[in-house]
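Contents: one structure, followed by commentary.
Values in this text are rule-based calculations from the coordinates and carry no lab data. Treat the numbers as computed from the prediction; the structure is a model and nothing was measured. When we count neighbours, we look across all protein chains shown, and the Cβ atoms used for this are built from the backbone with ideal geometry, even at glycine.
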Amino acid sequence: MDYSAEIGWHDPRIVPYAPLALDPAALVLHYGQAIFEGMKAYRTSDDRILLFRPEKNAQRLNLSAARLSMPSIDEELFLEALRTLISLEKDWVPRERGTSLYIRPFMFATEPYLGVRASESYKLVIVLSPVGAYYAGGMKPVKIHVESRYVRAVRGGTGFAKVSGNYAASLKAQEDAHAKGYEQVLWLDAIENKYIEEVGSMNVFFKINGEVWTPPLHGSILGGITRDSVIHLLRDWGIPVREEKLSMEDLYVAYTRGELEEAFGTGTAAVVSPIGVLGWNDHHMVINHEQIGELTAKLYGTLTGIQYGEIADPYGWIVEVE
Ligand code: PMP
């Protein structure tokens with residue numbers, strides 16, 4: 001679908017997957033006006049196709065659009081486009097438990113203009129790709145490097161939005177972490193390099209002394225849909241959740257006292273991912289003997305159970321594609 005300042009959004013269409021034509025002066029290529037979303041469609045054992053809280057992706061897309069001075073999209077129209085596209089391409093939703101159809105909506109500035117300003121034209125595209133089970137070989141705790149040199153986001157910046165540039169800014173740190181034998185990066189706040197923010201593409205949670213801590217959404221962390229769902233579940237189960245600032249020093253103290261019971265990341269791709277090792281400066285923190293925690297496993301089981309229509313959804317999170 002295209003947008004122009006004169007006529008707004010127009011010409012929604014479904015076309016075969018193919019390269020897009022773009023003017024070499026298109027604003028997105030120079031000034032990074034690009035945002036995206038990531039979501040999945042799941043096939044149930046009785047062949048229904050389910051989406052998980054898609055309205056949240058629509059809202060977040062508009063939040064990201066607003067931050068980059070891009071036009072908003074009618075959320076109902078976005079959901080309608082998703083439903084239409086997926087129902088036409090139902091066969092692309094794989095059958096095996098754990099697999100899904102990954103859905104990638106993205107919006108970018110198409111106007112040819114060499115100068116920094118908001119674009120007068122945009123394209124909104126949704127591409128689909130079947131994806132295999134994230135934990136094909138079984139759930140495995142990940143090793144995470146706590147990043148002390150680079151930062152991902154500052155308050156007032158774009159960290160709270162799903163803006164392509166955030167990921168570009170994270171690549172070097174990710175590469176360095178890989179070279180040191182870690183799989184992902186844990187970002188700290190940009191001002192004091194002290195408070196825990198989030199992992200590369202996941203929000204982060206720590207179970208300390210029976211309570212679950214996760215950083216608050218104060219402007220530089222992406223409001224993950226999985227994060228929100230996990231908080232709902234935990235509170236429902238009577239487990240205290242503290243959406244409070246947590247410094248690496250305090251986490252380390254809890255760790256040395258044996259109070260750090262579990263750590264996990266949350267996101268659409270992995271759903272819930274156990275963290276087995278945190279490397280922070282010279283400290284090598286091994287969490288829960290690099291085993292999958294009980295709470296981590298229960299959250300994973302419950303969320304995927306709801307997503308695959310295997311257990312009741314008392315929250316109204318599931319949207320069936322007719
Ligand atoms: N933080 C970042 C930076 C991410 O890219 C993602 C993935 N969208 C998340 C957190 C998790 O968000 P969600 O649960 O909505 O996938």
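Taking the square roots of 5 times each eigenvalue of the Cα gyration tensor of the stretch 1-114, largest first, gives ellipsoid semi-axes of 29, 15, 13 Å. Among the trypsin sites (Lys or Arg not before Pro) in the stretch 134-217, those located in a DSSP loop and surrounded by at most 15 other Cβ atoms within 10 Å of their own Cβ are Arg149, Arg155, Lys180, Lys194.
For the stretch 213-262, the gyration tensor built on C-alpha atoms gives an oblate shape. Its axis ratio a/c (a ≥ b ≥ c) is at least 1.5, and a/b is not larger than b/c. The length gained by stretching the chain between Ala21 and Glu243 to full extension, at 0.36 nm per residue less their Cα-Cα distance, is 75.5 nm. Once both labels are positioned 7 Å from their Cα atoms along Cα-to-Cβ, the gap between Val253 and Lys298 label points is 2.8 nm. Highest mean packing comes first when the peptides 260-266, 216-222, 110-116 are listed by Cβ atoms within 10 Å, giving 260-266, 216-222, 110-116. Candidates Val241, Tyr135, Leu101 compared by Cα position along the dipole of the chain: farthest toward the positive end lies Tyr135, with charges placed on Cβ. Cα extents for the chain along the principal axes, largest to smallest and rounded to whole angstrom: 62, 51, 33. Based on Cα contacts under 8 Å between residues 6+ apart, the stretch 142-307 shows a relative contact order of 24 percent. The long axis of helix 294-307 is offset from the longest Cα principal axis of the chain by roughly 20 degrees. Anisotropy class assigned to the stretch 53-211 is oblate, per the alpha carbon gyration tensor with a/c at or over the 1.5 cut-off and a/b no larger than b/c. In plain terms, the residue of Arg97, Arg60 with the fewest other Cβ atoms within 10 Å comes first and the most crowded comes last, giving Arg97, Arg60. Each of Asp46, Asp189, Asp74 has some number of other Cβ atoms within 10 Å of its Cβ, and from fewest to most they run Asp46, Asp74, Asp189.
Computed over neighbours whose Cβ is under 14 Å from that of Gly165, the net charge equals +4, Lys and Arg +1, Asp and Glu -1. Our note on the geometry: Cα centres of the stretch 201-223 and the stretch 44-100, 25 Å apart.
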